[in-house]
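Novice: The structure follows.
The values are calculated or read from the model by the stated rules, or taken from the named source; none is laboratory data. Source: prediction; values computed, not measured. As a convention, Cβ positions derive from the backbone with ideal geometry for all residues, glycine included, and neighbour counts pool all protein chains shown.
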């Protein structure tokens, strides 16, 4: 439950962020984002190589000389992920089951948040050499293609969220969180709906700020590409530049005010999850535990196929 609410809370922001977050979403949390039946998860992960390639191609429009290497790099990363990361996911998900059954404390929920971020960072840093190789081959037209894709995503975000009144934004957010909670618990009590409503009264969605932050990250990504194209650094120097951008995605925003807002939002979301778990019935917790077990079974299925 913790992981799902965290992911979905930031999914709108992540989809607007710089290119490395697409890899993060697809290659690290693919099992955790493809919610639904066991067959759906297995179908998605079985085709992760193809999905990753299509997704990235939609952003950067791979050139013929790049395609073969990119596909090979994705396949190698996927194989590494299956053999080294999925066993760790099994351990983490099993621990989440035990924590859920024992009524997690607030600190334990924070640990889960951090663990998901660490899983993400491990995969991105593993892919650092391949990401660097690709960035070094990007041309001006691909950078322009990426900029247009960013703007298209931004426009879609504006149309979907910013055109709504604050009241409608809050109502849509309420319905989304209720649905996510219902997916995990099998049902949502009136008490839990009231908890979610009170959370949104104190922390209404700030889509305009989310978009502004995402656009700032997009500009940073494009500036990095421009710098590399102009300076033509060695592979070693370029890799250091790309690594700094990757690390920055997991660090607080630079402005003190935004850092404070981000930290407060994070704590509030953790508090919401904590309260929803504490008000869950044994039947609801069993429903969530069974969903975690489905993911554990999926991980083991793919580990056995390596």
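Novice: Would you point out which residue out of 227, 192 is closer than 21 Å to residue 138 by Cα and either out of contact with any helix residue (DSSP H, G or I) (no Cβ under 6 Å at 6 or more places or on another chain) or surrounded by 13 or more Cβ atoms within 10 Å (Cβ to Cβ) (or both)?
Specialist: 227
Novice: Another question about this same structure. Which of the residues belonging to the range 59-71 are in a helix (DSSP H, G or I) and closer than 12 Å to residue 134 by Cα? Before the answer, list the steps.
Specialist: Of the range 59-71, the ones in a helix (DSSP H, G or I) are 59-60, 64-71.
The answer is 60, 65, 66, 67, 68, 69, 70, 71.
Novice: I'm told residue 144 meets every condition in (1) under 30 Å from residue 225 (Cβ atoms); (2) over 19 Å from the mean Cα position of the chain (by Cα); (3) surrounded by 12 or more Cβ atoms within 10 Å (Cβ to Cβ); (4) in contact (Cβ under 8 Å) with a residue 40 or more places away in the chain except one. Can you identify the failing condition by its number?
Specialist: Status for residue 144: all satisfied but (4).
Novice: From the list 238, 216, exactly one residue is over 24 Å from residue 114 (Cα atoms) and either out of contact with any strand residue (DSSP E or B) (no Cβ under 9 Å at 6 or more places or on another chain) or assigned to a loop (DSSP other than H, G, I, E, B) (or both). Which is it?
Specialist: On inspection, the qualifying residue turns out to be 238.
Yes or no, residue by residue, for (1) at pLDDT below 95; (2) more than 22 Å from residue 110 (Cα to Cα); (3) in contact with a helix residue (DSSP H, G or I) (Cβ under 7 Å, 6 or more places away or on another chain):
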{"residue": "238", "(1), (2), (3)": "no, yes, yes"}
{"residue": "245", "(1), (2), (3)": "yes, yes, yes"}
{"residue": "252", "(1), (2), (3)": "yes, no, yes"}
{"residue": "257", "(1), (2), (3)": "yes, no, no"}
{"residue": "260", "(1), (2), (3)": "yes, no, no"}
{"residue": "264", "(1), (2), (3)": "yes, no, no"}
{"residue": "269", "(1), (2), (3)": "yes, no, yes"}
{"residue": "278", "(1), (2), (3)": "yes, no, no"}
{"residue": "289", "(1), (2), (3)": "yes, no, yes"}
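Novice: Limited to the range 125-181, what total is found for residues that are more than 30 Å from residue 200 (Cα to Cα) and outside any helix (DSSP H, G or I)?
Specialist: Adding up the residues that qualify gives 3.
Condition check ((1) more than 23 Å from the chain's Cα centre (by Cα); (2) surrounded by 19 or more Cβ atoms within 10 Å (Cβ to Cβ)) across all residues:
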site	(1), (2)
209	no, no
214	no, yes
241	no, no
259	no, no
265	no, no
269	no, yes
278	yes, no
295	no, yes
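Novice: I need the full set of residues from the range 187-207 which are part of a helix (DSSP H, G or I), more than 13 Å from residue 171 (Cα to Cα), over 18 Å from the mean Cα position of the chain (by Cα) and touching a residue at least 40 places away in the same chain (Cβ under 8 Å), in order please.
Specialist: Of everything in the range 187-207, those that are part of a helix (DSSP H, G or I), more than 13 Å from residue 171 (Cα to Cα), over 18 Å from the mean Cα position of the chain (by Cα) and touching a residue at least 40 places away in the same chain (Cβ under 8 Å) turn out to be 191, 192, 195, 202.
Novice: Here is a check on your reading of the model: is residue 84 modelled with pLDDT of 90 or more, surrounded by fewer than 16 Cβ atoms within 10 Å (Cβ to Cβ) and out of contact with any strand residue (DSSP E or B) (no Cβ under 7 Å at 6 or more places or on another chain)? It would help to see each step written out before you state the result.
Specialist: Values: modelled with pLDDT of 90 or more: yes; surrounded by fewer than 16 Cβ atoms within 10 Å (Cβ to Cβ): yes; out of contact with any strand residue (DSSP E or B) (no Cβ under 7 Å at 6 or more places or on another chain): yes.
Yes, satisfied.
Novice: Moving on to the next point. Would you call residue 71 over 20 Å from the mean Cα position of the chain (by Cα), surrounded by 14 or more Cβ atoms within 10 Å (Cβ to Cβ) and at pLDDT 90 or above?
Specialist: Yes.
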